[in-house]
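The values are calculated or read from the model by the stated rules, or taken from the named source; none is laboratory data. Please read these numbers as outputs of a predicted model, since none were measured by experiment. Note that each Cβ is placed from the backbone with ideal geometry, even for glycine, and that neighbours are counted across all protein chains shown. These area figures cover heavy atoms from the full protein model, side chains too; ligands, DNA and RNA do not enter into them. Shrake-Rupley method; radii C 1.70, N 1.55, O 1.52, S 1.80 Å.
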Amino acid sequence: KRIVAGASAFQIGDQLQGGEEPNPPRCNVPEGFHLPTLIFDRSKSQGRPTLEAEYATKIVDAIATKVVRIFPGLPAVSLHNRLAIIVPNDEAFRDQLRLDLSMELRNRTKSDGPLLGRSFKLVTAREACACLDFDAQDSEEEWLVFDTVDAMDGLERLIVVAVGLDEKGSARSSSGKRALQVRSRIYRAMTRAQMMVCIVNEALGGGWLEYLQLVKLDKERGYDTEETARMSGAANGIVKRVQESMKNVEAKVVGVCSADQSLGEQSRVKEDAGGEPPLKRQRRYEQGTEQNGQEPEKPLKQQRNQPEKRKMEQRQEVKQTVWDPEGNTCENQESSLAFFPYKRVKEHDKEVVEKRAKKGEKGHGDDGLVGEKVDGMVWEEDASDKRDEAADELAGFPLLQAAKKGIREDVEQLVQQGADVFGRGQDGGTALMSASQEGHLPVV
C-alpha cells in the first residue's frame, strides 16, 4: 500500500481532460514497509570526484542499510534477480555509474558489513528476463538488475532503487515538457516495485522530489488511509499549469514570428517618418536609458521570456506514514517548494486547537490527519468527503451512508427491501467495507 500511496502523488487523472479527480489509491494488499529515502547534498561530499561515484556509494548504502536490514531473510535467500536499480535514460550517466557501482560493490563485499563475502553482478533488464532460475542455487553470484526507466517498462521486481531520476527545477511549470518527462519516469520507476521502493537522489531545488527533505516519519501511527488519499493526484495541478504554459508559449511564438516578419518594414516606415526604430529603442532600454523621464516599453526579447509568477508552497516539515527519511543527509533550505503532495496546512486559532485537544477531536478518526495538530499546525479541512456522501446519495446508495454511520436499523430495513449490498460508492467501497473501516461491528 505504501508503494501505491507514494506513487499516487505523481499520478495524473482524467480531470486534465475535463473529467473528475482521480480516486484515492485502493488495493487489497499488505501495508508494506516504509519507503526509504537517501537525499544527499553533493556540496558537502568529501573525497567524491564525480557525481556518479557519489551515487554509487549511496546505492550500496541503500542496499546494505535499508534492504538487508528490512528484509533480514534475503541474505540467506539472496538478492538474485529480485532487486532493480533504475536510472534515467542518459547513456553517459548510466555507463559511468555502472562502472563506479561495480567497483563500489566489490569494495563493500571485501570489508566488514552486511555485504561481506557476497558477490554481485550488474545485468541489464534484457539479461535478467532471460534468466529462469531466480534462486541462483548453482551460483554464488547475485544478479542486480541495472537499467534505465524505458528498459524496465512492463517489468517488475520485489525491490526497486530509483536513482537520480529528479532534475533541478523540474517541478516548475516554466520547465515545460521536461516537467512532464521527469514526473513520468519517477512514477514509472516506483510502480515497478512489488515490496519496497528506495529513492536515491541529489538534493535539487525546484524538483519533484524536493519535498522528501521535509517529511518526517511518524512512528506512533500506522498506515494512514486519509493521509495517503490526500496525496493522490497531487501532480495534476503542476501538469495542468505546464500544459497551459506550453500552449501560451506556442501562441506567443506564432505571434512573435508574425511580428518579426513585419519588424523590418516597421523600422523603415518609422525611420522615414523621423521616428525611432524599434531595434534601437530596445537597445536603449537594455542599456537602462530613459527618454523624457518615462521608461520605454520592454523589449520584445523580454516579453517572450516573462517568468510565470506563482506562489510556491512554503517549507514546513510534516509527519507522515509513508516515507522513511532516515537516510537523508541534506539540510532543509530556506526556500519554497515547487511540488508538495500533502495538502497545505494552516495556522488555526489557538483557542480552537485547545478546545479540540480537550475534547479529543481528531477530524476523520483517531488515526487521521484532518483536524489533528501536527507540529503546531493542523491539516486543512477538505470538502471531498461531503462531496462523496452527496454523490452516493444521488447515485441511489443510501445503504452506503447508513452503513458508514453505523445505523443498524436502517441497514436492516434497506437490506430487507432489496438494497444492493454489492453497490460501490464514489470511493469504490461497498457498505460492508464502509462499516468495517468505521468499526461498526453490529452493522457488519
Assuming 0.36 nm per residue, please report the length gained on full extension of the stretch SER436 to GLU326 beyond their Cα-Cα distance.
36.2 nm
Which residues qualify? For TRP323, with a placed amide H closer than 5 Å and at least 5 residues away or on another chain, they are LEU35
In order over segment 232-245: 3J(HN,Hα) from phi, Karplus 6.51/-1.76/1.60, θ = phi - 60°, whole Hz, x for each Gly or Pro, gives 4, x, 5, 6, 4, x, 5, 4, 5, 5, 4, 4, 5, 5
For segment 113-237, report the accessible area per residue in Å² (1.4 Å probe, heavy atoms, rounded to an integer).
40
Amide proton proximity set for SER170, modelled H, under 5 Å, gap of 5+:
GLY207, TRP208
Could you rank the peptides 50-62, 105-117 by their average count of other C-beta atoms within 10 Å per residue, with the highest value first?
50-62, 105-117
Taking θ = phi - 60°, what integer Hz values does the Karplus form 6.51 cos²θ - 1.76 cosθ + 1.60 yield along segment 187-204, in sequence order, with x for Gly and Pro?
5, 5, 5, 5, 7, 7, 9, 10, 10, 7, 10, 10, 9, 10, 7, 6, 5, 10
Report the gain in length on full extension from LYS219 to GLU409: 0.36 nm times residue separation, minus Cα-Cα distance, nm rounded to one decimal.
64.5 nm
Packing-based order for 413-422, 199-208, 95-104, 82-91, using average beta carbon neighbours within 10 Å, highest first
199-208, 82-91, 95-104, 413-422
State, to one decimal in nm, how far the label point of GLU127 lies from the label point of SER184, with both points 7 Å from Cα in the Cβ direction.
2.8
Measure off, as a whole percent, the carbon and sulfur share of the 1.4 Å-probe accessible area of segment 105-215, all protein chains present.
45
Listed here are the pairs LYS219/LYS405; LYS1/LYS319; LYS1/LYS219; LYS66/LYS219; LYS177/LYS247; which of them are more than 20 Å apart at the Cα?
LYS219/LYS405
May I ask you to evaluate 6.51 cos²θ - 1.76 cosθ + 1.60, the Karplus curve with θ = phi - 60°, for each residue of segment 103-119 and list the ³J(HN,Hα) values in order in whole Hz, giving x for glycine and proline?
5, 5, 5, 4, 5, 5, 6, 9, 10, 4, x, x, 9, 4, x, 9, 10
Built amide H within the under 5 Å cut-off of CYS198, gap 5+:
VAL160, VAL161, ALA162
